[in-house]
Every structure is written in C-alpha cells, then in structure tokens.
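Throughout, read-outs are computed from the coordinates displayed, never taken from laboratory work. Fair warning: this is a prediction, and the values are worked out from it, not measured in the lab. Reconstructed Cβ throughout: ideal geometry from the backbone, glycine too, with neighbour counts over all protein chains shown.
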Amino acid sequence: MFEAAYLRTLREGRFPEKIAAAKKMLSPCTVCPRECGVDRLGREKGFCGLTDKAMIASVHPHFGEESPLVGSGGSGTIFITSCNLRCVFCQNYEISHLMEGQEEDANQMGRHMLDLQRMGCHNINFVTPTHVVPQLLEAIHWAVENGLNVPIVYNTGGYDKVETLRLLEGVVDIYMPDLKFMDSRVSKELMDAHDYPEAVKAAIREMHRQVGDLEVNAQGIATRGLLVRHLVMPDDLASTRQAMRFLAELSSNTYVNIMNQYRPCGSAVRMPKVNRSVTRQEYAQALEIAQEEGISRLDERAPLRLRFF
C-alpha cells in the first residue's frame, strides 16, 4: 500500500531540521546553482527576484501532464512565480519572466495542497520550485500535519543543487526534471546558465539515488520515482543523443517524455537559431535516437502530442 515519503519524515520528527537547514541557505542565498549570495531573509532579491516569501501564479488540477501523473483526477498543479533559468523560449513567460503571481505564506500554500487533494488530484505538482525549496518545505510540513497524503511531484527545469535536493529526501516522492541542453555554449546563450549541463546531470543522479526508477500502481498512477522530460529543439540544439545516452547509463528503466511542443515564445522569435518549431522529421529522429541509446520507457501519450506548425 502506498505511503508518501513525507509521512515517515513527519513521524520521525525530521521536518524542523530540514526547514531550518533550508532557511539558512536563504541568507546568503545558496539555494540554487546561481548562488547569488543575497540576504533573502532580509527581503533582498537575487536572480529569481524573490525574497523570503514564495509567490504563486496559479493552482488547479492539470490534465495535460504526463500520463502517469494525470489519471482520472488530474495532477494538482501549483505554479511557482519566477524561475532560476532565463530560457528565451519559455512558454510560461508571464510567470517566469514577468513575475505574475502573489506572495503567500506556508499556511496559504498548504491549504492549496489540501484543496487539490480534496478535488481528487492524484498528486501535488510544484512547477519551477527550485528557488523556493525552503518555503516549500515549510508549507509541505503544515499540509502533512493537516492531512496531506498524496505524492509530491518536484517539477523542475533541472538547474538544481545537490545540497538542496538532499534536504528534499524523504519529502519528495516523484522528481520530474527537464534535461534541456548538454552543450554549455547553448545553455549559456539560450538560458543564461553555462554550467547547466553539469548541474542538471548531477541533480538527476541525486534524484534517482533518492527515489529510483518510476513506479506506478495498479491503476497506472505514479507513486514514486524519476520521470525526465526532454524537449526536442530545432537543429538538435538539445543534443538529444547525448541526453538519452546519459539517461540510459543512469538506468535502463528511466522513464522519459520526449516532447515535440517547442515553439518560439518570448524573445526566441527574434533569434534565428530558435525562431521556428520542430519538424515532424526532427521529432521522429529524436524518438529513434532514444530507442537506439537504450531508452525503452517513453511516455505513452507522446505520439499523441504531435503539434507541427
């Protein structure tokens, strides 16, 4: 029978130490690989533009996520304002770049989790949570004490610090990182993070160490494990073969969603390298590459997501 990882952490009384350690990372801020060094507890703002409070852009059941997360009740999605990446093509530009959202404390965030659970959502899915891990830990603690019992999904761009992720061990059930780029020159140009390739590989290794391969119940709903997203980019800017080889070497059972929905958003429309959508041929080739490199667990809804312009 499924039991969320955080229930054991609650019983063992380990939430307070995790929260305290995470809050120390806010001043000076070392929460993510940016390591801005600002005093967020003193209301200073770093790269992410947030202080000691998280901002929430939207809360709702989501039926467009990966099939193991959705089921009949949807994924209980909480969109966090801002991001520690600056992808020029971000499809959530208003949230990540323009900072749409409202500040909320731990109790308010916890109530959102309980509301989503009451709606029948199969999990609580935090989107772009990297820069607010201390705030999330506090909110999850409140929600668990008040009856939360569904899996926690950490839905991230992948630019995470191993030290921060270790504080989430025994709290997060499902990690869902992006594996965006494997070339530091591309990641620097397209999202202002030259060290992204090394950071994301280290992060994914740590995530897999904590939760292992994706596990699903008898109804096909994910309960624990790693699920990786890889967005196919024009002219193979995402280095798909290198990405798939890394994931296959991590585990032959790595669950991967190879996504074809890239389209030029934000400032990407003005950049020749990325100002077009992915072609049918590019997507088909990416699927072939994944299989050639040993990836056998592909999101079953991926072929239904074909959107070509």
Ranking 173, 213 by Cβ neighbours within 10 Å, fewest first, what do you get? 213, 173
Eight or more residues apart or on different chains, and alpha-carbon atoms under 18 Å: count the Lys pairs in the chain matching that. 17
Quick check on the exposure proxy: order 131, 230, 60 from fewest to most C-beta atoms within 10 angstrom. 60, 230, 131
May I ask which residue of 230, 19, 1 lies farthest towards the positive end of the charge dipole of the chain, with charges of +1 (Lys, Arg) and -1 (Asp, Glu) on Cβ and the Cα centre as origin? 230
Any number yet on Rg/Rh for the stretch 5-305, C-alpha, Kirkwood? 0.94
Relative to the Cα centre, what is the charge dipole magnitude of the stretch 5-305, using +1 at the beta carbon of each Lys and Arg, -1 at the beta carbon of each Asp and Glu, and rounding to the nearest 20 debye? 180
For the stretch 1-67, count the residues as N, evaluate 2.2 N^0.38 Å, and divide the Cα radius of gyration by that value, please. 1.48
May I ask for the equivalent-ellipsoid semi-axes of the stretch 14-170, computed as the square root of five times each C-alpha gyration tensor eigenvalue and listed largest first in whole Å? 24, 19, 14
